[in-house]
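*Asks:* Got a structure for you, written out below as structure tokens; questions coming shortly.
Nothing in this text is a laboratory measurement; each read-out follows from the coordinates by a stated rule. Not measured: the values here are computed from a predicted model. Don't worry about glycine lacking a Cβ; one is built from the backbone with ideal geometry, like all the others, and counts go over all protein chains shown.
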Amino acid sequence: MERMEELEHRSIYIIREAYACFQKPAVLWSMGKDSTVCIALCRKAFLGTVPFPVIHIDTRQKFPAMYAFRDKWAKTWGLNLLVAENAAGLAGSVDCSDKLACCTALKTEALKQLIQAQGLDAILLAIRRDEHGVRAKERHFSPRNTDFQWNYHDQPPELWDLFGARADDNTHVRVHPLLDWTELDVWRYVQRENLPVVDLYFAKEGKRYRSIGCAPCCEPVESEATTLEDILHELETTRIGERQGRAQDKEAAYAMQQLRALGYM
Amino acid sequence: MGDLRIVVAGHVDHGKSTIIGRLLYDTGSLPRQVADRLEKAGASDPAALACITDQLSEEQEGSFTLDTAQAHFRTAQRDYTLIDTPGHREFLKNMVTGTTQADAALLVVDAAEGPLPQTYLHAYLIAMLGIREVIVAINKMDLVSYECHRFHLLSRQIAGHLQRIGVVPRAIIPVSAQEGDHVVRPSSRMSWNLLPTLMQAMEELVLQEQNGYRPLRFLVQCPFPANGRQAILGRVTSGHLHQGQTIVFDPGHHQTAVVSVLLGQQEVRMASAGQSVGLLLEDPTPVKRGQVGSNVDDAPVATNRFSARVFWISPQSLTVKDKIEVLCGTQSCRGHIERIAKVIDPVSLAAVKTDAARLDDSQVAEIVIRTEWPVCIDPADVVPELGRFALLRDGRIGGGGVIVK
């Protein structure tokens, strides 16, 4: 089997294992390229439908193009979209200059509230190992503890494709169907499956976004890539890291580790 | 050529993470920023290369690998995934996690220290888990003055041991990951050495295609309603199936015909090994998760008692009569440990104890398992997915193994 096909079929297997082994799973969708691929894989896994809720964690700081993309494709694909917001955090005084505090309040806390309100026991999300050294340590099935934390000191073993890890009661397991994919794999799949992506990924006036999230914390990178083919060519030759434009990754050493230990994606 | 996933194993501090860092750096696979940082650190920070995969603060501060990590890179020939693993005995569960994801192994041995307990245990696990493509790197040649004699001595010792556990190493290569000798770039400091570099040896690895007959095995994941019909979702793990054929589902021996094969929303004529598909069956009603679909005259053995070689990776020992759960393919079945026939010493390969009462953390053994109802199994070298399993106790994975018979 060629790489793309192998990745696709294994991801579908993982998604179905989550569906078969948990009572109330849901998938996160940020409208970024990775989670859009994850939604496409869920649709393929279940013969054209997504049989669980699709969650968007809204910080109200996303790019306008992302909201438009969300509404259009949620409708076209018939998704059961749930928008999660930390209302108190949005109304209150979150210090946006402190990235760790802001991400934790507006994303992690919003997710925590939604998981509790909906009684979710598994959350599918599209993180990849090659994005960040800390994410490279993840398992496909990764339990969170009762405080919502990732105990990276003592992760359960994961043997072959036997995804036996379960969480304690009242908490959940993170399921990572795209863990083995690279940034280039994601774009190749977008091309192969003709998937839609937010047009912020394509260059305008010599700049494009490689990674999108909250508008104040994303910087475009220099690029002339205006088509999918250009993006693929750029990624095959570049030596600039994918998350170069993401503020979270520029904070003090180990910021990502701290964020993730607290339950961040 | 397809992908190659290589687990890097060996004793604590023999240089596993450093070799990975060196491979990534010398093949130009690191992002510019990371490479710049490395160049700045230069010779003043010997841990810099290892820190590329050792990304947790505890790992960088303590200069050891706590959990397995993976790094991806490409050559003109193929995609590689390097799986870093911890060498400490207490993190064996993380080493095993990494190893079960690999098709090939790189066993790293310190040239000055030679093979130590975890070298032997890791080698034993690599062999037990059925990894046949193995390269040995004799690392830190700089510490033994790049001496030819020392290399040959170790090389013979290790090749001899591996042979006893059924592994023929594809290459044994002298390197210094720290100094960059013979990992990607040939070294001028070992004029006696005519062997390929480690990277060349990796490029020469070829995964052996399984020869001969591959029986159909379709692992049922779950029934799923599709447009008013019951589809059966699952994976063809071996062989192939096609529209119109008759399949039998075991345990339970339910025989029915395949009406159509679905890949997403698309109807396809057939599905082959590795594909996750949906099946519309003539009579899907009795089919449930855990069953295995096969050709009528070629079903897997369904048994409630089997012998296996296992590893135990939980701090609480496994004892005879312990209630356990076996995960095999998509099957999950309760049972108990009937016998711990032999606890094996991975260094001498002799039995430490026969008919043992318990199996401790990080030990390997031959045991007999009895299950409450039949489990479908196959020889691991014919259908790997039905020849291996995880063992759960109190709902947590505590070990795993490979079925002997």
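*Asks:* Would you please give the FRET efficiency between A:Tyr67 and B:Val382, computed as 1/(1 + (r/R0)^6) with r the Cβ-Cβ distance and R0 = 56 Å, to the nearest 0.05?
*Replies:* Computed FRET efficiency for A:Tyr67 and B:Val382: 0.60.
*Asks:* Which lysines, on any chain, are close to A:Lys72 with Cα under 20 Å apart, when same-chain ones fewer than 8 places away are left out?
*Replies:* Cross-link targets: A:Lys33, A:Lys44, A:Lys62.
*Asks:* Based on alpha-carbon atoms only, what is the radius of gyration of chain A relative to the globular estimate 2.2 N^0.38 Å?
*Replies:* 0.96
*Asks:* Oh, and also: Tell me, what is the percent relative contact order of region B:4-204, built from C-alpha pairs under 8 Å that lie six or more residues apart?
*Replies:* 24
*Asks:* Something else about it: Largest first and in whole Å, what are the equivalent-ellipsoid semi-axes of region B:247-320 based on the Cα gyration tensor, each being the root of 5 times an eigenvalue?
*Replies:* Ellipsoid semi-axes (Å, largest first): 33, 17, 11.
*Asks:* Using the Cα centre of chain B as origin and beta-carbon charges of +1 (Lys, Arg) and -1 (Asp, Glu), tell me which of B:Val382, B:Met202, B:Leu30 is placed farthest towards the positive end of the dipole.
*Replies:* Looking along the dipole axis, the top candidate is B:Val382.
*Asks:* Of the residues B:Arg229, B:Arg170, B:Arg289, which exhibits the maximal mean-square fluctuation in a Gaussian network model of chain B defined by a 10 Å Cα contact cut-off?
*Replies:* Its mean-square fluctuation being the largest, the pick is B:Arg229.
*Asks:* Okay, moving on. Below 8 Å between Cα atoms, with a sequence gap of 6+, how large is the relative contact order for region B:220-294 in percent?
*Replies:* 39
*Asks:* In addition: Once amide H atoms are placed 1.01 Å from N in the peptide plane, what residues at a sequence separation of 5 or more from B:Ile324, or on another chain, have their amide H within under 5 Å of its amide H?
*Replies:* The list, which skips near neighbours in sequence, is B:Gly335, B:His336, B:Ile337.
*Asks:* Across peptide B:54-62, what mean number of C-beta atoms from other chains lies inside 10 Å of a residue's C-beta?
*Replies:* For this peptide, the per-residue mean of nearby foreign Cβ atoms is 4.
*Asks:* Have a look at B:Thr18, B:Thr371, B:Thr354 and tell me which one the Gaussian network model of chain B (Cα, springs below 10 Å) gives the largest fluctuation.
*Replies:* B:Thr354
*Asks:* Can you pull the one-decimal nm distance between simple spin-label points at A:His233 and B:Thr303, each 7 Å off the Cα toward Cβ?
*Replies:* 5.9
*Asks:* Would you mind checking which residues have amide H under 5 Å from B:Ile344's amide H? H placed 1.01 Å from N; only 5 or more apart, or other chain.
*Replies:* Close amide H contacts, sequence-distant or interchain: B:Val352, B:Val364, B:Ala365, B:Glu366.
*Asks:* Size of the dipole of region B:301-403 about the Cα centre, Lys and Arg at +1 and Asp and Glu at -1 on the beta carbon, nothing else charged, in debye to 20?
*Replies:* With only Lys, Arg, Asp and Glu charged at Cβ, the dipole is about 240 debye.
*Asks:* Once you wrap a convex hull around the alpha carbon atoms of region B:301-403, what is its projected area averaged over all directions, in nm²?
*Replies:* 6.0
*Asks:* Set the Förster radius R0 to 22 Å, insert the Cβ-Cβ distance between B:Glu209 and B:Gln245 as r into 1/(1 + (r/R0)^6), and round the FRET efficiency to 0.05.
*Replies:* The pair B:Glu209/B:Gln245 has a calculated efficiency of 0.35.
*Asks:* Please report the relative contact order for chain A, taking Cα pairs under 8 Å with a sequence separation of at least 6, and give it as a percent rounded to a whole number.
*Replies:* This gives 22 percent for chain A.
*Asks:* Another one. Could you pull out every one of the lysines with an alpha carbon less than 25 Å from that of B:Lys353, ignoring same-chain neighbours closer than 8 positions?
*Replies:* Those lysines meeting the cut-off are B:Lys93, B:Lys321, B:Lys323, B:Lys342, B:Lys405.
*Asks:* Could you check what % of the DSSP bridge pairs in chain B are antiparallel, to the nearest 5?
*Replies:* Within chain B, antiparallel bridges account for around 80 percent of the total.
*Asks:* In addition: Under 5 Å between amide hydrogens, which residues at least 5 positions from B:Asn304 or on another chain qualify, with H placed 1.01 Å from N in the peptide plane?
*Replies:* Counting only residues 5 or more places away or on other chains, the set is B:Val375.
*Asks:* Separate question: Per residue of region A:190-205, in order, report the coupling 6.51 cos²θ - 1.76 cosθ + 1.60 (Karplus, θ = phi - 60°) as ³J(HN,Hα) in whole Hz, putting x for Gly and Pro.
*Replies:* Each residue's phi maps through the Karplus curve to give 4, 5, 4, 9, 6, 8, x, 9, 4, 6, 4, 6, 9, 5, 10, 6 Hz.
*Asks:* Please state the shape class of region B:1-41: rounded when a/c is under 1.5, otherwise prolate if a/b exceeds b/c and oblate if not, all from the C-alpha gyration tensor.
*Replies:* Oblate, because a/c is 1.5 or more while a/b does not exceed b/c.
*Asks:* Between B:Arg156 and B:Ser272, what FRET efficiency follows from the Cβ-Cβ distance if R0 is 30 Å, with the result rounded to 0.05?
*Replies:* Efficiency, rounded to the nearest 0.05: 0.10.
*Asks:* Return one quarter of the surface area of the convex hull spanned by the alpha-carbon atoms of region A:116-219, equal to its mean projected area, in nm².
*Replies:* Mean orientational projected area (region A:116-219, Cα hull): 9.3 nm².
*Asks:* With N set to the residue count of region A:197-250, report its C-alpha Rg divided by 2.2 N^0.38 Å to two decimal places.
*Replies:* Compared with the compact-globule rule of thumb, region A:197-250 sits at 1.06.
*Asks:* Which of these, A:Leu159, A:Leu124, A:Leu28, has the largest mean-square fluctuation under a Gaussian network model of chain A (Cα springs below 10 Å)?
*Replies:* Greatest mean-square fluctuation among the candidates belongs to A:Leu159.
*Asks:* I've got another one for you. Can you compute the charge dipole magnitude of the protein assembly as shown about its Cα centre, using +1 on each Lys and Arg Cβ and -1 on each Asp and Glu Cβ, nothing else charged? Give it in debye, rounded to the nearest 20.
*Replies:* Roughly 1060 debye, rounded to the nearest 20.
*Asks:* Using a ≥ b ≥ c from the Cα gyration tensor of region B:54-128 (square roots of the eigenvalues), is it rounded, prolate or oblate, where a/c under 1.5 gives rounded and otherwise the larger of a/b and b/c decides, a/b for prolate?
*Replies:* oblate
*Asks:* Can you give the longest stretch of chain A with no exposed loop site, where a site means GluC sites (Glu not before Pro) in a DSSP loop (not H, G, I, E or B) with at most 16 other C-beta atoms within 10 Å?
*Replies:* Excluding the exposed sites themselves, the longest stretch runs over A:3-204.
*Asks:* Given chain A, what percent of its DSSP beta bridges are antiparallel, to the nearest 5?
*Replies:* 45
*Asks:* What ³J(HN,Hα) values, in whole Hz, does the Karplus curve 6.51 cos²θ - 1.76 cosθ + 1.60 give for region B:192-201 when θ = phi - 60°, with x put for Gly and Pro?
*Replies:* Working through the residues one at a time gives 6, 8, 9, 6, x, 6, 4, 4, 4, 5 Hz.
*Asks:* Another one. Using +1 at the Cβ of each Lys and Arg and -1 at the Cβ of each Asp and Glu in region B:4-204, identify which of B:Ala71, B:Val7, B:Thr53 lies farthest towards the dipole's positive end.
*Replies:* Value computed over the given set: B:Val7.
*Asks:* Hey, another quick one. State, to one decimal in nm², a quarter of the convex hull surface area for the C-alpha atoms of the protein assembly as shown, i.e. the direction-averaged projected area.
*Replies:* If you wrap the Cα atoms of the protein assembly as shown in a convex hull and average its projections, you get 28.9 nm².
*Asks:* Where nothing but the Cβ of Lys and Arg (+1) and of Asp and Glu (-1) is charged, how large is the charge dipole of chain B around its Cα centre, in debye to the nearest 20?
*Replies:* Result for chain B is approximately 780 debye, rounded to the nearest 20.
*Asks:* Moving on to the next point. Would you please classify the overall shape of region A:51-133 from the alpha carbon gyration tensor, given that a ≥ b ≥ c denote the square roots of the eigenvalues, rounded means a/c under 1.5, and beyond that prolate means a/b larger than b/c while oblate covers the rest?
*Replies:* rounded
*Asks:* Additional query: Starting from the Cα coordinates of region A:13-94, work out the convex hull volume and express it per residue in Å³.
*Replies:* In region A:13-94, the Cα hull volume divided by residue count equals 107 Å³.
*Asks:* Hey, another quick one. Using the Karplus curve 6.51 cos²θ - 1.76 cosθ + 1.60 with θ = phi - 60°, what ³J(HN,Hα) values do you get for each residue of region A:175-185, in whole Hz, with x for Gly and Pro?
*Replies:* Karplus-based 3J(HN,Hα) across region A:175-185 equals 10, 10, x, 9, 3, 7, 7, 9, 4, 5, 4 Hz.
*Asks:* Another question, if that's okay. Using only C-alpha atoms and all pairs of different ones, pull out the Kirkwood radius for chain B in Å with one decimal.
*Replies:* In chain B this quantity evaluates to 23.0 Å.
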